[in-house]
Amino acid sequence: MAILSGLPAGLRVDFAYVDGELKRRQGGYGRGGRMKIESDTAQFLSGVRHGATIGSPITILIENRDWRNWQEAMAVDDRPESRAKYRGLTPPRPGHADLAGCLKFNFHDARYVLERASARETAARVAVGALAKLFLQEFGIEVASHVVAVGSVSLPEDSSRDRIRFDRILALRGREEVLLNCVDAEVEARMKQEVDRATEARDTVGGVFEVVAHGVPPGLGTCGQWDERLDGWLAQAVMSIQAVKAVEVGSGVGSAATPGSRTHDEIGYSREQSRFTRRSNRAGGVEGGITNGEDVVVRGYLKPISTLRQPLESVDLETKETVKAAYERSDVCVVPAAGVIGESMVALVLARAFLEKFGGDSIEETRRNFAGYVEQVRQF
């Protein structure tokens with residue numbers, strides 16, 4: 001269940017688009033058995049009438065088909081027969097929330113923790129993120145992602161910084177097969193081989209995805225308070241995705257080892273467009289916690305999935321004996337799917353910042369407020 005509050009009234013909802021985003025999250029080379037069970041669709045329960053938002057909270061339900069397999073073993077009420085059928089999961093898996101969660105909540109059964117900690121909940125994020133994207137599209141803002149690296153295979157750094165046109169990234173959505181969502185077919189083929197090697201070795205592989213938001217106006221976010229800086233919001237939102245262990249805005253990682261003269265984006269002015277321009281975008285579209293009018297660029301660095309078909313060593317929560325970690329099913333690679341989730345998180349952050357700046361109880365009011373600001377910036 002997802003509840004999204006704050007969207008203005010009058011936004012047309014493209015239900016097929018929302019379901020399409022959910023399908024994108026389930027795609028990609030290297031996905032596992034759970035994707036064969038679920039076929040996600042969004043059921044809108046509130047906040048939308050006759051195809052448009054009405055200003056009240058929007059509630060979306062996404063069914064877990066796998067729930068049917070657990071309704072007896074994991075019954076809500078206390079049934080002795082259910083307890084007899086249910087076998088707890090006592091060997092926590094390294095890399096998961098299993099052990100930390102059991103210690104926190106005083107459980108000796110990791111399943112109570114792992115079900116909520118699971119990335120399955122990101123289906124809800126993608127559903128509400130699709131609504132955020134539809135809202136942003138009303139103002140010329142598009143959000144898309146592509147895969148920069150899978151394991152040790154990556155795009156050449158000089159081709160993945162400032163050189164990939166946004167339309168190439170956006171065009172990836174039109175492909176029938178997601179595969180690994182890389183803009184370079186030759187590199188993508190080598191990424192596929194990397195996934196194949198991990199599969200054969202009964203292992204998993206991580207990687208890097210990049211989310212790009214195009215058409216973002218300058219002025220979202222603020223430098224006024226530390227907790228209101230947009231890059232801080234973006235970093236927290238993307239870091240909250242399961243398996244993401246590092247987040248980069250623009251060329252943040254490389255900039256730490258680069259002189260300032262080759263780090264900061266020189267400023268120009270286009271009289272034809274009546275706007276300030278940049279010769280590069282190493283800042284990733286955010287300076288001082290505020291968008292500067294360039295593309296917002298955020299990368300998520302994904303560790304390999306923690307559930308392995310050759311389980312790592314663990315300790316049984318009951319007996320404290322050394323055992324192998326539990327295994328049920330697992331993906332081998334989820335980098336393209338994580339990119340889709342990253343898009344949703346970036347879109348939610350940008351929509352929030354956009355509404356904080358321009359407000360509006362109806363989409364028409366937001367448009368008027370935005371148009372006045374655009375004219376102000378144009379005449380600056």
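Bear in mind these aren't lab numbers, they're just calculated from the coordinates by the rules spelled out. From a predicted model like this one, the values you see are computed outputs, not experimental measurements. Glycine gets a Cβ as well: all are built from the backbone with ideal geometry, and neighbour counts include every protein chain shown.
Each of 137, 124, 112 was scored by the projection of its Cα onto the charge dipole of the stretch 111-151, and the greatest displacement toward the positive side belongs to 112; charges sit on the C-beta of Lys, Arg, Asp and Glu.
Taking every alpha-carbon pair under 8 Å whose residues sit at least 6 apart, the stretch 252-380 reaches a relative contact order of 14 percent. In a reduced charge model with +1 at each Lys and Arg Cβ and -1 at each Asp and Glu Cβ, the chain shows a dipole moment near 200 debye about its Cα centre. In the chain, the longest principal axis of the Cα atoms and the axis of helix 230-239 are about 20 degrees apart. Straight Cα distances below 16 angstrom link residue 324 to none of the lysines, with same-chain residues fewer than 8 positions distant left out. Largest GNM mean-square fluctuation among 225, 242, 193, using the chain with Cα springs under 10 Å: 225.
Would you work out which of 281, 369, 181 lies farthest towards the positive end of the dipole of the stretch 91-378? Charges go on Cβ: Lys and Arg +1, Asp and Glu -1. Farthest towards the positive end: 281. By the count of other C-beta atoms within 10 Å, a proxy for reagent exposure, 233, 226, 70 are ordered fewest to most as 226, 70, 233.
Each of 306, 314 has some number of other Cβ atoms within 10 Å of its Cβ, and from fewest to most they run 306, 314. Identify all aspartates and glutamates with a Cα-Cα distance to residue 133 below 12 Å; exclude those on the same chain that are fewer than 8 residues away in sequence. Partners within reach: 14, 21, 142, 343. This model, with +1 at the C-beta of Lys and Arg and -1 at the C-beta of Asp and Glu, gives the stretch 234-368 a dipole about its Cα centre of some 420 debye.
The listed peptides 141-151, 89-99, ordered by packing as a protection proxy, come out as 141-151, 89-99 (highest mean of other Cβ atoms within 10 Å first).
Using every Cα-Cα pair within the chain, state what percent have a distance larger than 36 Å. Of the Cα pairs, 29 percent sit more than 36 Å apart. In this simple spin-label approximation, residue 357 and residue 261 carry label points 7 Å from Cα along the Cα→Cβ vector, and these lie 3.3 nm apart. Would you please classify the overall shape of the stretch 6-147 from the alpha carbon gyration tensor, given that a ≥ b ≥ c denote the square roots of the eigenvalues, rounded means a/c under 1.5, and beyond that prolate means a/b larger than b/c while oblate covers the rest? Here the stretch 6-147 falls in the prolate category.
For the pair residue 240 and residue 203, what calculated FRET efficiency results from E = 1/(1 + (r/R0)^6), where r is the Cβ-Cβ distance and R0 = 22 Å, to the nearest 0.05?
0.30
Explain nothing, just the number: relative contact order of the stretch 91-378, from Cα pairs under 8 Å at least 6 residues apart, as a whole percent. Relative contact order for the stretch 91-378 comes out at 27 percent. Given the pairs 104/192; 85/303; 104/245, which span a C-alpha to C-alpha distance of over 32 angstrom in this model? Violating the 32 Å Cα-Cα cut-off are 104/192; 85/303.
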